[in-house]
Amino acid sequence: MCKTMKYQAVLFDMDGTLLNTLGDIGGTLNVVLEANGYPTHTMAEYRKMVGNGARRLTKDALPAGTPEDEVERVYLLYRDYYRDHPCSVTVPYEGAVELLDKLHQNGVAAAVVSNKPDATAKELGEKFFPGVLTVGDDGVHPRKPAPDNVYRTLEQLGVDRSHALYVGDSEVDAATAKNAGLDAAIVGWGYRDPDFLLQHGAAEVLESFDQLLEKII
C-alpha cells in the first residue's frame, strides 16, 4: 500500500541537485576560453558561478569589463560546444535515480526545471531520467528565479502550487521557490556551501536524498 505523501509533485533543479554537471560545464567553457585567448578557471571557481544560465556564466568567466558583444560571441561558442559535449563526465548524484523511482512508486509526479537551454536539458533528462518531464530555457520565458517555468511545469503536471515542492541547491533555487510560492527544499551536496545557502534564503540545508525523502513523505 502506497504511503500518503505531503506533496503531489516535486520539481527539481538539474545542475547540482540531480546531476553533477560541473566537470562538463567548466571543462567545455575552459576549452572555449583558452581557444580565444582568455584565462581559464578551476572547478572550484566555476562552482560559485553556475546557476544563472549559460550567458551569465560566460560573462562571469570572462575578464571584468569585457564588451557585451564579445560576451555574446564567446557565449554562443560555448553554447554550441557544450550542446555537442553535455555529458562526457556528467553523472547523477548517488541516490537521485532511486529517489525518483520512489516518488513514482508512491504516485508523486516529478519534473525538472532548469536554466539550461531547453534542448540540452531535455537531452540530459532523457538520458538519465527517462520519462521525467524536463523544462529548460526556451529563450522566450524568463529563467529562474522568475517563476514562469515553474508555473508552466505545474500546469503540464496538472498540480496546484500549494501541493508542490521545489528542490534546488543554490540561492537562485531558494529565490525561485519563494517567487513561485512553493515550499522549498535546499540541498547541500551541489554547488553552494551550506553556510552560504543559509545566508541566502535557505531555511535549512538537507544533506542526503534520505533527508529529502523524509521531507516529501
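Every number in this text was worked out from the coordinates using simple rules, so none of it is lab data. Being a predicted model, the structure only gives us computed values, none of them experimental. All Cβ positions, glycine included, derive from the backbone under ideal geometry; neighbour counts span all protein chains shown.
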(message) Tell me the angle of helix 148-157 to the major Cα principal axis of the chain, expressed in degrees between 0 and 90 and rounded to the nearest ten.
(response) 40 degrees
(message) Counting other beta carbons within 10 Å of each residue's own, what order do Thr42, Thr28 fall into, fewest first?
(response) Thr42, Thr28
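Of all beta bridges DSSP finds with both residues in the chain, what is the antiparallel percent, to the nearest 5?
On the way: 2 of 21 bridges.
Roughly 10 percent of the beta bridges in the chain run antiparallel, per DSSP.
Could you please rank Met14, Met43, Met49, placing first whichever residue has the fewest other Cβ atoms within 10 Å of its Cβ? Before the final figure, lay out the partial values.
Working: Met14 25, Met43 13, Met49 18.
Least crowded to most crowded, the residues run Met43, Met49, Met14.
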(message) At a 10 angstrom cut-off on C-beta neighbours, averaged per residue, how do the peptides 66-72, 170-176, 127-133 rank from highest to lowest?
(response) 170-176, 127-133, 66-72
(message) So if I take the centroid of the Cα atoms in the range 113-138 and the same for the range 63-81, what is the distance between those two points in Å?
(response) 24 Å
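Could you calculate the contour length gain from Ala203 to Asn106, that is, 0.36 nm times the residue separation minus the distance between their Cα atoms, to one decimal place in nm? Numbers along the way, then the final one.
On the way: separation 97, 0.36 × 97 = 34.92 nm, distance 2.65 nm.
Result for the pair: 32.3 nm of gain on full extension.
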(request) Considering Cα pairs under 8 angstrom that are at least six residues apart, work out the relative contact order of the range 22-84 and quote it in whole percent. (result) 39 percent
(message) Under 5 Å between amide hydrogens, which residues at least 5 positions from Tyr93 or on another chain qualify, with H placed 1.01 Å from N in the peptide plane?
(response) Leu19, Asn20
(request) Could you list which residues have their amide H under 5 Å from that of Lys116, counting only those 5 or more apart in sequence or on another chain, with H placed in the peptide plane? (result) Asp137
(message) For Ala184, what residues show an amide H to amide H distance below 5 Å, using hydrogens built from the backbone and excluding near sequence neighbours?
(response) Tyr166
(message) With a cap of 15 neighbouring Cβ atoms within 10 Å, and only residues DSSP puts in a loop, list the trypsin sites (Lys or Arg not before Pro) found in the range 1-75.
(response) Lys3, Lys6
(message) If you take mean projected area of the Cα convex hull in nm² from the coordinates, which of (1) 11.6; (2) 14.6; (3) 14.0 do you get?
(response) (1)
(request) Neighbouring Cβ atoms within 10 Å as the yardstick, rank Ile25, Ile186, Ile217 fewest first. (result) Ile217, Ile25, Ile186
(request) Per DSSP H run of n ≥ 4, the term is -39500 (n - 2.57); total these for the chain, divide by its residue number, and report the mean residue ellipticity at 222 nm rounded to 500 deg cm²/dmol. (result) -13500 deg cm²/dmol
